[in-house]
Structure formats: C-alpha cells, structure tokens
Amino acid sequence: MLKNVVLTGFALSLSAQVWAADFSEADAKYALRDADRSTNLAAREAYKAILDQGAKEEDQLRAAEGYLRTYVFEGTHYTSLQPEAASPSVAAGTVALGTGKQTRQKIFNECWSQAAEVINPSKLGYESPVYYYFRSTCLAYEAEASTVVQRLGLLPKLLGAMSSGLATNGGKTYEGGGILRVKAGVKGN
C-alpha cells in the first residue's frame, strides 16, 4: 500500500514537471533585450509562443508578464517623446517602426488594448493585479505621448484600470506597489 502511494505521488509530481512551460529560450532572449530592438521582439515572440501553447495558472501569468514587459521596454527604451522623423518610404497615415512619439503611442496602445488581454479577468476567471498593472502602465505611457484631447479619452480607462487593480487581492503590493507608482506618476503630471 505504501509503495502504491509513493509511486502515485512520484507520478503526479513528474507529470506536473512535464507540463510546466519552458521559459529558458524566452528568458535568454529577454536578457539580451537591450542589444537591439530585434532581440526584444524575439523575446516577445517567445513569450507569446508559450501563451499560445496553452500555458496555465502561474506559467500563464509568468509568460504574460514577460510578454508585456517587452512592450514596456520597447516603448521606453527604443522610442522618445520627440516627433517622428519624416520618412518618404512610409505611406501617409501609417507608422513605420520609428523612434518617435507616434511609434511610442502605437506600441503602448497595442500593449493595453491587445497584448494585456491575454490575461483579462474574463479569460483567467479571476482578477489578477498583473493585468491591471500592465494595463495601467501602458495606458499611462500612451497618454504621455498623446495630445490633450487624446488624453481625455484615455483618462477614464486609466482611472478604471488603476481603481480595479488596487481593489484586487495583491493589487497594492504587486511589483512593490506598481499600480500605486503609476497612479502617483499620473497625478504628478
């Protein structure tokens, strides 16, 4: 009987290890994210691949964090608040992979409106401070690169994300009070 219990316990622990996501490639690429923009984008693709393979629970949140961090890094490290340089090869109304304000705005819009949705509470089945932290962060960075009129449109979404995030379990402590820092930065500006 004891032998059966031990073997069952071993089999269950082994099966849990087999199904755990492998973050080694994604983490290695993310560690090199500041080498150039393409390594950051490669890390994004690697984290997204983990999400697309059906990562669950802690692996899903960890992959989403890595995925969303690549957006924050790209937007803050590879772009500025300066106007885009004119490029004759870019069609009117489109944004090239530039380094100015318009590109920054596009990156952060995609971050909060599309990328963060991989851990939307309706998909997770519960509210995670991870979702609200990255949604708030990306909304705030997009607002920073926006016009006053555009900011007015983003403000209700930003305030709602911060309020909901702070109300979640762990919302005030995730990332060392990350949502509170976003809120302080917004109020300070």
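Details
- Charge tally in the Cβ shell below 9 Å around ASN40, where Lys, Arg are +1 and Asp, Glu are -1, ASN40 excluded: +1
- Counting charges near ASN120 (Lys, Arg +1; Asp, Glu -1) among other residues having Cβ under 11 Å from its Cβ returns a value of 0.
- Radius 10 Å from Cβ of SER164, net charge of other residues (Lys, Arg +1; Asp, Glu -1): 0
- Nearest-0.05 FRET efficiency for GLN82 and GLU117, computed from C-beta distance (R0 35 Å): 0.75
- Set LYS48/LYS106; LYS29/LYS172; LYS29/LYS183 screened for pairs whose C-alpha atoms are more than 28 Å apart: LYS29/LYS172; LYS29/LYS183
- Applying a DSSP loop filter and a limit of 10 other Cβ atoms within 10 Å to the chymotrypsin sites (Phe, Trp or Tyr not before Pro) in the stretch 91-189 leaves TYR126.
- At q = 0.09 Å⁻¹, base-10 log of I(q)/I(0) for the stretch 58-189 (Debye sum, equal scatterers on each alpha carbon): -0.27
- Ranked VAL130, VAL118, criterion: other C-beta atoms within 10 Å, fewest first: VAL118, VAL130
Bear in mind that the values in this text are calculations on the coordinates, not laboratory data. Not measured: the values here are computed from a predicted model. Positions of Cβ are backbone-derived with ideal geometry, glycine not excepted, and every protein chain shown enters the neighbour counts.
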